[in-house]
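Worksheet: the structure to be examined is printed underneath.
The values are calculated or read from the model by the stated rules, or taken from the named source; none is laboratory data. This is a predicted model, so every value here is computed, not measured. Cβ placement follows ideal geometry from the backbone for every residue including glycine, while neighbour counts extend to all protein chains displayed. Calculation scope for accessible area: heavy atoms of the full protein, side chains included, ligands and nucleic acids excluded. Shrake-Rupley method; radii C 1.70, N 1.55, O 1.52, S 1.80 Å.
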Amino acid sequence: MLTGKSTASEEKTMNVELKEEFKKGGFGKVTVGGGSMSRGDLKGNYNKFDSKNQISFVGIANNTGRNGLSWDDYQDFMGSKSWDDNSNYDYGFGGGFMRYFGSSSSSNLESKVSDAFFSGNNGGFPTNIIGGVNYNYDHKKQKFSGRYFFQNTGNEKEVFTDTRTFLTDFTQDNNKYNKDNKGSINHRTETKYQYDIDSLLTVIATLDAAIVNADNTSEGTSTLRRDEILRTSSSTYKNTSDLSGRLLNTSLLFRKKFRKAGRAIGINASYLKTDIYDDQKRFSDNYFYNIAGTPDSIKIIRQYNNDTLDKYVIKANAMFSEPLSKKLFLKVFYNFSSRNENGVRIVNDESLNGFERVRNDLLSRIYENKIVNQRSGSSLTFSSNGQNFTVGGAYQQVNLNGKYESPNPLLVYDPVNNKFSRWLPYFEYNGSLSRNTWLNFDYEKSANEPSIENLLPVVDFSNPQYITEGNPDLIPTLNHQAGIWFNHSWPADAIRINGNARYTYYEDQIITSQIVDENLITRSKPINYDGGTQFWTSAGFSFPIKRNKLKMRTNISRSVGKSFAFVNNALNKTNTERWSPSVNIDITPSEKTAIYVSSNISFTTTEYDINTSQNQTIINQNYNVDFNTNFGKGWFWNSSLRYSIFKNERFGIEQNIPIINLSLYKQFLKGNKGEIRLALYDALNKNIQINQSTSVSRVFDSRTLSLARYVMLSFSYNIKGMKTSVAKTEHW
Amino acid sequence: MKHFSIKFVHILLFINVLYMQSHSQGGTITYNKKYNWANVASKMPYLSVEEKDRILLTWGSNKDYKGTDFILAFTKSASVYKQKEKEENFGYSWGEDEDVLVRNFDTRTTKDVRELLGKLYIIEGDIPKFKWKILNELKDVAGYVCMKAETIDTVYNKPITAWFTDKIKVLSGPEGFGGLPGVILELNYNNDDINIIATKIELSDVDPVLPLPKKYKGKKSDYQEFNAKKKKHYTLSIEGRRNPFWDLRY
């Protein structure tokens, strides 16, 4: 009677289909806005997905610098690939994959599509045109993801900077005005294909390509004074750069698992190729003054630089893991990388009559660099019942080979041949001490190769008062790092505490050696030096004052650093200590109203051993209030006040910047799909970006003019309906 | 006609239950428990439609997730349900699930160890009763023809679907569910938030050694109090726009 296998399997099929149906979806939004000060905003995204396919589009055009891309936009664009393992397959001690967000290289040629979503607002008057399409496929044995991304960005920025440098008996003060006009057009594609040959063998192939074109013009004036009074030199300059670069990056990976769970082999290889061509102009008129304050010499620089840089990187990695018992796990790995750079920098000076260009053989360079890095290591992990201990060690060998010469064969330079090998120990504990308590402790020694910019023996005159030059004798920096973090929660009472500490000691840290001449012109060069340290600690506490109505989060962090620089062959030691407490209060009295109050303050004290009278404290304070309310019938109000105070008593600086943003919006159409918003940004017209910092033997203060008050009226349409809640969702 | 057939099935099941009291067997059932995080997270009532879709888009596909194995060991008079001791080692241990659900069929009582919000409880009392609705649907689970039954979880007010077989006459099942005329071989929470499916069934005439806790540590409580605490946390979390299952075992 209770038979019928066919009925059963039909039932099963139906269940499966229901689930597939459930995973279907799609959403999208478009916003069009126009405002005063010729501001405009256009943004749209759309995606559609089912259990096999995901396709998404994003498009943006704006000149507000505000409505860029957010975390949500990133997820909507990348879909299930949002948390895909980094295409970096360098095996090492760490267990899982780490995902890093943020830009890496200077010309951004080697950045990823994801970096575009996480770039901050740097002030100025930015413009953005962005377009992208992404497609993910995931079915049975095959996975594919491919995307194309276009970015046309620009920024006009005016910055006023005051820098004071402490020298043995006097100070050098620099007042500078700089106007930047940057523009770049990037095309980027990323593809990844994964095929499971069987349930134990997987092959993954990736191919990325990019084309970048960037135009920069930087012009301004700069004056140097001795002890704030005596003018020693002044300069007006205009530098331009017209850069074009191409990137190709491809990799192939095999991953083999075995019937015995945990046993695995991974092998991969990758090839990265970039070529960059940069056409630069370095124009400046430099006046040097005598003690009486009258000019006694003039230096006119009219340089035309042609830079070409070809680079290729070959990497190969292998890894084997084997569970030795239920609790012991062995991992063995090997990494190989070879970075090869070939470049030509031709510097041409304009002849006196201004019609001809004469090659400057002292500054022109033809160079080759090859850095081969090999590391082999092993680790043993003991893991049981929520406790994990790993000990490991690796042997690393780095070969640095460089050759550089002038186009004039009579000027000969020594080739560089350096070889380093090091033992790198590793230790990590990670586990739960009790229910709801997690603790992590780690110690690691690692080595970083010097960057190409620091290695190249090329003199850069882009700032004629601060001339930089690379150093081909640099060796890798060794970092000794130890860290600890813990967190504990009382979930029934919604209370959480956490603590962190991290200490780094640098061996052969790359610091600067500066020579300041009688006209206060600085020539700077990177060198290696031991003994720099960084120590950072923080503690956080989050608790409800009245559950779900009033919540408080507090955090305090302290960082202490010791850093060095050589100025006119004298060692300068600088100690920096920074305390930053913060408080956040979330007030959600009803479903219709949410108020977020927060404050963060930082006290940075810097002590200079060379000139203790210059010791100083910089205090930055930020106070924020956000007020969101739903009036009913689709009407909403959103306002934010951000009050910032920048203070440096030593220099008598105190600047108060209140920024108020207000918006009133109305949701309408069925399912709240439409929204009309009237927004007033920076109601008091006070927006300016302030930057204050100290570094070794130096204090720095800058003001960047930025887009201030404007009004904007915008319309948005969301196919799934607008969010009607005014309170933030807690993600963790 | 349909009513008649359901009634008929019920009568048969009743006869089965009577039969079960007199004659039984021992054994161990291995279940695979899959917690479909994206489905759970996307159903949070405070999210907008777009936010729900975004969770499914980003996290919806988790083909590589293998789930966790649990065992139900049973004899004629008792059953124990707990996480299966892990055989494999991938070089990292998250810690074990501490819940042990012990059912004594002779005294009809529990002596469960349950973890809730960082605290352990020992729960002694009557075996919780569920209001099952038996449906006339069949399917095959691990080689056994199973019948569908439905109930409502009293803490979360979410539907539970169980598939039980009358061929193994134990009034038990995974996660403390039982009281059906046969052992539960598959259990689904809220359609597909959690799927618990039997993967291996070993029966024998010799009773297995029940994996009872070596010692009982924790605060004494009963299910009424325990469930009230659970429900309070669930309600407060939802009200505070936070996924309660960051802290709660579903």
Checklist outcome for this item: The condition of being under 37 Å from the mean Cα position of the chain (by Cα), of a type in the set (Ser, Thr, Tyr) and within 14 Å of chain B (Cβ to nearest Cβ) holds, among A:Ser325, A:Ser321, A:Ser337, only for A:Ser321
Checklist entry - Can you tell me how many residues in the stretch A:536-591 are under 29 Å from A:Phe627 (Cβ atoms) and of a type in the set (Lys, Arg)? => result 5
Next on the checklist: Pull out all pairs, ordered by first then second residue, where Cβ-Cβ is under 7 Å, the residues are six or more apart or on different chains, the first lies in the stretch A:281-295 and is under 21 Å from A:Tyr466 (Cα atoms), and the second is aromatic (Phe, Trp, Tyr) and open to solvent by less than 50 Å² (accessible area, probe 1.4 Å).
Outcome noted: A:Lys281/A:Tyr304; A:Arg282/A:Phe461; A:Phe283/A:Tyr237; A:Ser284/A:Tyr237; A:Pro295/A:Phe288; A:Pro295/A:Tyr289
Checklist outcome for this item: In the set A:Gly386, A:Gly392, the lone residue that is within 14 Å of another protein chain (Cβ to nearest Cβ), at positive phi, within 34 Å of the chain's Cα centre (by Cα) and open to solvent by less than 60 Å² (accessible area, probe 1.4 Å) is A:Gly386
Next on the checklist: Pull out all pairs, ordered by first then second residue, where Cβ-Cβ is under 7 Å, the residues are six or more apart or on different chains, the first lies in the stretch A:664-692 and is within 16 Å of A:Asp41 (Cα to Cα), and the second is assigned to a loop (DSSP other than H, G, I, E, B) and of a type outside the set (D, E, K, R).
Outcome noted: A:Glu675/A:Met722
Checklist entry - For the stretch B:82-120, how many residues are within 14 Å of chain A (Cβ to nearest Cβ), touching a helix residue (DSSP H, G or I) at 6+ places or on another chain (Cβ under 9 Å) and either surrounded by fewer than 20 Cβ atoms within 10 Å (Cβ to Cβ) or not hydrophobic (A, V, I, L, M, F, W, C) (or both)? => result 5
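Tell me, please, whether a residue that is within 14 Å of chain B (Cβ to nearest Cβ), part of a strand (DSSP E or B) and not polar (S, T, N, Q) can be found in the stretch A:303-318. Write out each step before concluding.
Just the residues of the stretch A:303-318 that are within 14 Å of chain B (Cβ to nearest Cβ), to begin with: none.
Looking for residues that are within 14 Å of chain B (Cβ to nearest Cβ), part of a strand (DSSP E or B) and not polar (S, T, N, Q), one finds none in the stretch A:303-318, hence no.
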Checklist entry - Among the residues of the stretch B:203-226, is there at least one that is in contact with an Asp or Glu (Cβ under 8 Å, 6 or more places away or on another chain) and within 14 Å of chain A (Cβ to nearest Cβ)? => result no
Checklist outcome for this item: The residue that is surrounded by the fewest Cβ atoms within 10 Å (Cβ to Cβ), considering only those in the stretch A:708-725 that are within 11 Å of chain B (Cβ to nearest Cβ) and assigned to a loop (DSSP other than H, G, I, E, B), is A:Thr724
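Please go through the stretch A:684-707 and pick out each residue that is open to solvent by 20 Å² or more (accessible area, probe 1.4 Å) and either in a loop (DSSP other than H, G, I, E, B) or of a type in the set (D, E, K, R) (or both). Outline the logic, then answer.
So the first thing to find is which residues in the stretch A:684-707 are open to solvent by 20 Å² or more (accessible area, probe 1.4 Å), and the list is A:684-696, A:698, A:700, A:703, A:705.
A:Leu684, A:Asn685, A:Lys686, A:Asn687, A:Val696, A:Arg698, A:Arg703 - these are the residues of the stretch A:684-707 that are open to solvent by 20 Å² or more (accessible area, probe 1.4 Å) and either in a loop (DSSP other than H, G, I, E, B) or of a type in the set (D, E, K, R) (or both).
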Item to check | Condition check for A:Phe166: open to solvent by less than 20 Å² (accessible area, probe 1.4 Å), farther than 20 Å from A:Ser80 by Cβ and in contact (Cβ under 8 Å) with a residue 12 or more places away in the chain | outcome: yes
Item to check | Odd one out for A:Arg359 among (1) within 30 Å of A:Ile300 (Cα to Cα); (2) crowded, with 16+ Cβ neighbours inside 10 Å | outcome: (2)
Checklist entry - Exactly one of (1) buried (at least 18 other Cβ atoms within 10 Å of the Cβ); (2) touching a residue at least 60 places away in the same chain (Cβ under 8 Å); (3) not aliphatic (A, V, I, L, M) is unmet by A:Arg255. Its number? => result (2)
Checklist entry - Hey, A:Glu444 hits all of (1) open to solvent by 60 Å² or more (accessible area, probe 1.4 Å); (2) free of Cβ contacts under 8 Å to residues at least 24 places away in the same chain; (3) of a type in the set (Asp, Glu) but one; which does it fall short on? => result (2)
Checklist entry - Would it be correct to say that B:Ser79 is facing chain A (nearest Cβ under 8 Å), of a type in the set (Ser, Thr, Tyr) and either crowded, with 20+ Cβ neighbours inside 10 Å or closer than 30 Å to A:Ala264 by Cα (or both)? => result no
Next on the checklist: Take A:Asn369 and tell me if it is more than 14 Å from chain B (Cβ to nearest Cβ), part of a strand (DSSP E or B) and surrounded by 17 or more Cβ atoms within 10 Å (Cβ to Cβ).
Outcome noted: yes
Next on the checklist: Quick check on A:Glu156: is it acidic (Asp, Glu) and surrounded by fewer than 17 Cβ atoms within 10 Å (Cβ to Cβ)?
Outcome noted: yes
Checklist entry - A:Tyr312 versus (1) closer than 30 Å to A:Glu428 by Cα; (2) under 29 Å from the mean Cα position of the chain (by Cα); (3) surrounded by fewer than 16 Cβ atoms within 10 Å (Cβ to Cβ): which is the lone unmet condition? => result (1)
Item to check | Cross-chain or 6+ apart pairs with Cβ under 6 Å, the stretch A:503-517 first and closer than 13 Å to A:Glu444 by Cβ, then among the hydroxyl-bearing types (Ser, Thr, Tyr) and open to solvent by less than 50 Å² (accessible area, probe 1.4 Å) | outcome: A:Tyr505/A:Thr533
Next on the checklist: Of the conditions (1) under 17 Å from the mean Cα position of the chain (by Cα); (2) of a type outside the set (D, E, K, R); (3) open to solvent by 40 Å² or more (accessible area, probe 1.4 Å), B:Val141 satisfies every one except a single condition; which number is it?
Outcome noted: (3)
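Look through the stretch B:42-65, keep the residues that are farther than 30 Å from A:Val726 by Cβ and touching a residue at least 24 places away in the same chain (Cβ under 8 Å), and return whichever of them is farthest from the other protein chains (Cβ to nearest Cβ).
The initial filter retains those residues of the stretch B:42-65 that are farther than 30 Å from A:Val726 by Cβ, namely B:61-65.
Narrowing the set further to residues that are touching a residue at least 24 places away in the same chain (Cβ under 8 Å) leaves B:62, B:65.
Numbers: B:Asn62: 9, B:Tyr65: 13 Å.
That would be B:Tyr65.
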Next on the checklist: For the stretch B:227-239, which positions are closer than 22 Å to B:Glu51 by Cβ, open to solvent by 20 Å² or more (accessible area, probe 1.4 Å) and either polar (S, T, N, Q) or within 10 Å of chain A (Cβ to nearest Cβ) (or both)?
Outcome noted: B:Thr235, B:Leu236, B:Ile238, B:Glu239
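Answer yes or no as to whether A:Lys728 is surrounded by fewer than 17 Cβ atoms within 10 Å (Cβ to Cβ), of a type in the set (Lys, Arg) and within 11 Å of another protein chain (Cβ to nearest Cβ).
On the way: surrounded by fewer than 17 Cβ atoms within 10 Å (Cβ to Cβ): yes; of a type in the set (Lys, Arg): yes; within 11 Å of another protein chain (Cβ to nearest Cβ): yes.
Answer is yes for this residue.
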Next on the checklist: Among the residues that make up the stretch A:454-471, is at least one of them open to solvent by less than 40 Å² (accessible area, probe 1.4 Å), more than 30 Å from A:Gly220 (Cβ to Cβ) and among the hydroxyl-bearing types (Ser, Thr, Tyr)?
Outcome noted: no
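Restricting attention to strands (runs of 3 or more DSSP E) lying wholly within the stretch A:503-615, give those where 3 or more residues are open to solvent by 60 Å² or more (accessible area, probe 1.4 Å). Walk me through how you get there before you give the answer.
Working: elements: A:509-516, A:522-529, A:533-546, A:550-567, A:570-590, A:593-608.
The strands (runs of 3 or more DSSP E) meeting that bar are A:522-529, A:533-546, A:550-567, A:570-590, A:593-608.
Filtering the stretch B:173-207 down to residues that are open to solvent by 60 Å² or more (accessible area, probe 1.4 Å) and either in contact with a Ser or Thr (Cβ under 9 Å, 6 or more places away or on another chain) or among the aromatic types (Phe, Trp, Tyr) (or both), which residue is farthest from B:Ala142 (Cα to Cα)? Spell out how you get there, then give the answer.
Filtering the stretch B:173-207 down to residues open to solvent by 60 Å² or more (accessible area, probe 1.4 Å) leaves B:191, B:197, B:199-200, B:202-203, B:205-207.
From what's left, either in contact with a Ser or Thr (Cβ under 9 Å, 6 or more places away or on another chain) or among the aromatic types (Phe, Trp, Tyr) (or both): B:191, B:199-200, B:202-203, B:207.
On the way: B:Asn191: 20, B:Thr199: 6, B:Lys200: 7, B:Glu202: 11, B:Leu203: 13, B:Asp207: 21 Å.
Among those that are open to solvent by 60 Å² or more (accessible area, probe 1.4 Å) and either in contact with a Ser or Thr (Cβ under 9 Å, 6 or more places away or on another chain) or among the aromatic types (Phe, Trp, Tyr) (or both), it is B:Asp207.
Filter the stretch A:650-669 down to the residues that are under 19 Å from A:Ser714 (Cα atoms) and open to solvent by 40 Å² or more (accessible area, probe 1.4 Å) and list them by number. Lay out the reasoning, then the answer.
The first filter runs over the stretch A:650-669 and keeps only residues under 19 Å from A:Ser714 (Cα atoms), leaving A:660-669.
Listed by number, the residues that qualify are A:Ile660, A:Leu662, A:Leu664, A:Lys666, A:Phe668, A:Leu669.
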